[in-house]
Amino acid sequence: MIIRSIFQLDRGQKESRVLRILLLSAVALLIVAAIAVKWAPTHAATTPGPYAIGLWGDLPYSDQQANVGVPNLIADMNSQKLIFTVHDGDLKAGSTECTDAVYLRAIGYFNSLKGAAMFTPGDNDWTDCDRTAGYNSLAQLDKERKLFFSTQFSLGQKPMKQEVQSSPLCLGVSGPVPCVENRRWTFRGVTYATLNVQGSCNNLCDTNPDPNEYAARNAADIAWLQDTFTEANTLNSAAIMFIAQADPGWDLTDGTRAPTRNPMTLAETDGAADGFQDLLVALRDQVVAFKKPVAWVHGDSHYFRTDKPLLDSLGRRLENFTRVETFGDNVFKNNPEWDDNNVHWLKVLVDARTREVFAYQPQIVPGNRVAVPAP
């Protein structure tokens, strides 16, 4: 009918009518496109269905890892259509200098990842900077907050908007500041959160321990942890995953890699300063109340594993809790070409509709195999 009406008009009227139709069509297409762009991320984040994420950390610790191993690892992650990745801290070896180049190199890594890229600081990045003359741990943490956490968005080529902790306050070199490194996001029915929890006794030991900094950050971490469970309950999330740096120790079995801890009281047994008991007790209380799957991801002791080391106060294993430790550095001082031996990552398949929600698949990067070369 539109075409017939057009041919009944004179030429000028026809051209005017055609232009109006084309203009209206173009406007309609633009409106549809704008709605699609605005709607798509929210829809993708809430529509049920499986997806994959990548976990890595404690890298790089050497030039070999920085120049060969990590680029190989990132290329491998980029080949697998990951929604996001999380690095659980330690951008360098603990006793090396905390130069700006270390942080800028890391930003380059994160922004070369095709999906969103998340990060939580590690002790090598800031608390251990006190080991080197001329560096101050709080000044380095301030720098990380400015470089990695200056907006509400993650890093990566498809940044994801995150919730950012604003209170309680942590400490910076000049006094109280927001703990902007503590982040939270929910994707397809699963809630994720990062916590600034550090190895080396959580800044209560090693060079220049800082109990005031610890106390402020620990209170903020516990509040963020509890808030995360509250939000997950509000959203009816199927599971929660926390990502932090430190291996706090969970029981009496692993003294070579972490503090030994009474698994029922969660108190450290070796007489050292305990920077984790209050956090672990708060975590356990929330895990029991939540009932659904909770994963705690960390690095620090460089030993890939998934297990269930958290017990209740009666000594019963908490079935809904899983500890996940990522791969990490394995430097061979006499054979630097072997340093990629442990430069790998963990793929997690996530589906909120399944009973356990998370399925873990270690990814051995073919180009980083050392002891047994790839076939």
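Within region 165-185, can you find the residues that are surrounded by fewer than 19 Cβ atoms within 10 Å (Cβ to Cβ) and β-branched (Val, Ile, Thr)? The answer is Val173, Val177. Kindly indicate whether any position in region 294-301 is among the β-branched types (Val, Ile, Thr), surrounded by fewer than 22 Cβ atoms within 10 Å (Cβ to Cβ), touching an Asp or Glu at 6+ places or on another chain (Cβ under 8 Å) and at pLDDT 95 or above. No: zero hits. None of Arg257, Arg217 is over 24 Å from Gly328 (Cα atoms) and either assigned to a helix (DSSP H, G or I) or of a type outside the set (Asp, Glu) (or both) except Arg217.
Annotation note: Cβ proximity below 9 Å between a residue of region 80-94 that is among the aromatic types (Phe, Trp, Tyr) and a residue that is open to solvent by 20 Å² or more (accessible area, probe 1.4 Å) and in a loop (DSSP other than H, G, I, E, B) (sequence gap 6+ or interchain) occurs for Phe84/Lys158; Phe84/Met160.
Consider region 101-117 and keep the residues that are in contact with a Lys or Arg (Cβ under 8 Å, 6 or more places away or on another chain) and surrounded by fewer than 24 Cβ atoms within 10 Å (Cβ to Cβ). The one that is farthest from Pro50 (Cα to Cα) is Val102.
A quick yes/no check of all residues on (1) among the acidic types (Asp, Glu); (2) more than 17 Å from Ala352 (Cβ to Cβ):
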site: Gln157; (1), (2): no, yes
site: Gly175; (1), (2): no, yes
site: Val190; (1), (2): no, no
site: Gly199; (1), (2): no, yes
site: Leu225; (1), (2): no, yes
site: Glu231; (1), (2): yes, no
site: Ile243; (1), (2): no, yes
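Could you list, in sequence order, all residues of region 78-100 that are open to solvent by less than 10 Å² (accessible area, probe 1.4 Å) and either out of contact with any Lys or Arg (no Cβ under 8 Å at 6 or more places or on another chain) or part of a strand (DSSP E or B) (or both)? Within region 78-100, Phe84, Thr85, Val86, His87, Asp88, Gly89, Asp90, Lys92 qualify. Pairs meeting the criteria (first residue in region 207-218 and at negative phi, second residue open to solvent by 50 Å² or more (accessible area, probe 1.4 Å), beta carbons under 9 Å, at least 6 apart or on different chains) are Thr207/Arg131; Ala216/Pro168; Ala216/Leu169; Ala216/Pro176; Asn218/Asp278.
The residues of region 156-167 that are over 20 Å from Tyr51 (Cα atoms) and part of a loop (DSSP other than H, G, I, E, B), listed by number, are Gln165, Ser166, Ser167. Do we find that Lys146 is under 20 Å from Asp227 (Cα atoms), open to solvent by 30 Å² or more (accessible area, probe 1.4 Å), out of contact with any Cys (no Cβ under 6 Å at 6 or more places or on another chain) and modelled with pLDDT of 95 or more in this structure? Judged against the criteria, Lys146 is not a match.
Can you say whether Asp247 is touching a residue at least 12 places away in the same chain (Cβ under 8 Å), touching a His at 6+ places or on another chain (Cβ under 7 Å) and open to solvent by less than 10 Å² (accessible area, probe 1.4 Å), as far as the supplied structure shows? Answer is yes for this residue. Among the residues of region 41-51, is there at least one that is modelled with pLDDT of 95 or more and in contact with an Asp or Glu (Cβ under 6 Å, 6 or more places away or on another chain)? The answer is yes; a qualifying residue exists. Residues that are in a loop (DSSP other than H, G, I, E, B), more than 26 Å from Ala45 (Cβ to Cβ) and more than 18 Å from the chain's Cα centre (by Cα) within region 168-214 comprise Pro168, Leu169, Val173, Ser174, Asn203, Leu204, Cys205, Asp206, Thr207, Asn208, Pro209, Asp210, listed in sequence order. Inspect all residues belonging to region 62-77 and state whether any of them is under 19 Å from Ala220 (Cβ atoms) and either of a type in the set (Ser, Thr, Tyr) or under 15 Å from the mean Cα position of the chain (by Cα) (or both). Taking every residue of region 62-77 in turn, none turns out to be under 19 Å from Ala220 (Cβ atoms) and either of a type in the set (Ser, Thr, Tyr) or under 15 Å from the mean Cα position of the chain (by Cα) (or both).
The values are calculated or read from the model by the stated rules, or taken from the named source; none is laboratory data. All values reported here derive from a predicted model rather than from experimental measurement. Backbone-built Cβ (ideal geometry, glycine too); neighbour counts: all protein chains shown. Heavy atoms of the whole protein, side chains included, go into the accessibility calculation; ligands, DNA and RNA do not. Shrake-Rupley method; radii C 1.70, N 1.55, O 1.52, S 1.80 Å.
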